[in-house]
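First up is the structure itself, then whatever we jot down about it.
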Amino acid sequence: MSNTYFYDPAIGHGLPHDPFKAIVAPRLIGWISSRSAQGSLNLAPYSFFGAFATFPPVIGFCSEGRKDSIRNIEETGEFVWNLTSKPLAAQMNRTSAPVAADVDEFALAGLTPAPGRNVNVPHVAESPAALECRLLQVVRLNTIDGTPMDNWLALGQVVGVHIREEYLKDGVFDTHAAQPVMRAGYRADYAQIGEMFQMIRPTT
């Protein structure tokens, strides 16, 4: 057995860079579109994103800091997740710029806002797939000792799914063709899907 490097996060990692985000990787990007109560559009990427349930489908993202997306979603109760594909990576990155709340990141990144069907929030028309969501809850995270953190988890139930037809092959969403971009390491590290393989779950 090889030796392992151990550290307690409360004390510090003792390395040139914090390895946490590089270990918990790759992660799909939470590219979240929202609308404020005043009607301003917002589009922003979040590196902490995931799916949490299937029936009904539930997704969520966590914001480090109470940012525009969280405020908008609390005001309207709606948001949309947009799949970031490799061809859209630079535009996704552009939407991470720290701009004023009334700046439309769709326009900033040269993206097309396509109208929602079951929510009043647009999705990125160029994205291979998008999930319309209604808010279930926003949870402010606490530490082990109960100290409130400046981290806000938004959970939403999927109420509408958009899939561009070129990514449906014989009724199956072609994940490889969609080229999803994922966070995979430190500040500037991203990944995309390479070789895929299948395993069937055991029945006994």
Discussion item. Can you show me the helix-derived [θ] at 222 nm for the chain, built from DSSP H runs with n ≥ 4 at -39,500 (n - 2.57) apiece and divided by the number of residues, rounded to the nearest 500.
Written reply: -2500 deg cm²/dmol
Item to complete: Would you mind ranking S63, S96 by Cβ crowding within 10 Å, fewest neighbours first?
Response: S96, S63
Worksheet, complete the sentence: Once the dipole of the range 5-157 is set up from charges on Cβ (+1 Lys and Arg, -1 Asp and Glu), the residue from the list P128, V24, P115 lying farthest towards its positive end is P128
Response to the item:
When E74, E64, E132 are arranged by how many other beta-carbons sit within 10 Å of their Cβ, fewest first, they go E64, E74, E132
Item to complete: Note down the magnitude of the dipole of the chain about its Cα centre, charges +1 on Lys and Arg C-beta and -1 on Asp and Glu C-beta and zero elsewhere, to the nearest 20 debye.
Response: 140 debye
Worksheet item: Distance from the Cα centre of the range 5-23 to that of the range 131-186, in angstrom?
Response: 26 Å
Practice prompt. Run the numbers on the chain and let me know its relative contact order in percent, using alpha-carbon pairs under 8 Å that are six or more apart.
Written response: 23 percent
Discussion item. In whole Å, what are the extents of the range 28-189 along the principal axes defined by its C-alpha atoms, from largest to smallest?
Written reply: 50, 35, 34
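How would you rank C133, C62, going from fewest to most other Cβ atoms within 10 Å of each one's own Cβ? Kindly include the intermediate steps, with their values, before the conclusion.
Numbers: C133 28, C62 19.
So the residues, fewest neighbours to most, are C62, C133.
Which peptide among 10-21, 76-87, 170-181 comes first, and what is the full order, when sorted by highest mean count of other Cβ atoms within 10 Å? Don't skip to the answer; put the middle values down first.
Numbers: 10-21: 10.4, 76-87: 21.8, 170-181: 14.0.
So the peptides 10-21, 76-87, 170-181, ranked by packing, come out 76-87, 170-181, 10-21.
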Response to the item:
Neighbours of H17 by Cβ distance under 12 Å: Lys/Arg at +1, Asp/Glu at -1, summed charge 0
Item to complete: Count the net charge of all other residues whose Cβ sits under 10 Å from the Cβ of N72, scoring Lys and Arg as +1 and Asp and Glu as -1.
Response: -1
Worksheet, complete the sentence: Two pseudo-spin positions, 7 Å from Cα along C-beta at E126 and at M149, lie apart in nanometres by 3.3 nm
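Coordinate-derived values only; no laboratory data. What you see is a predicted model; the values in this text were computed from it and never measured. Note that we place each Cβ from the backbone using ideal geometry, even for glycine, and neighbour counts take in every protein chain shown.
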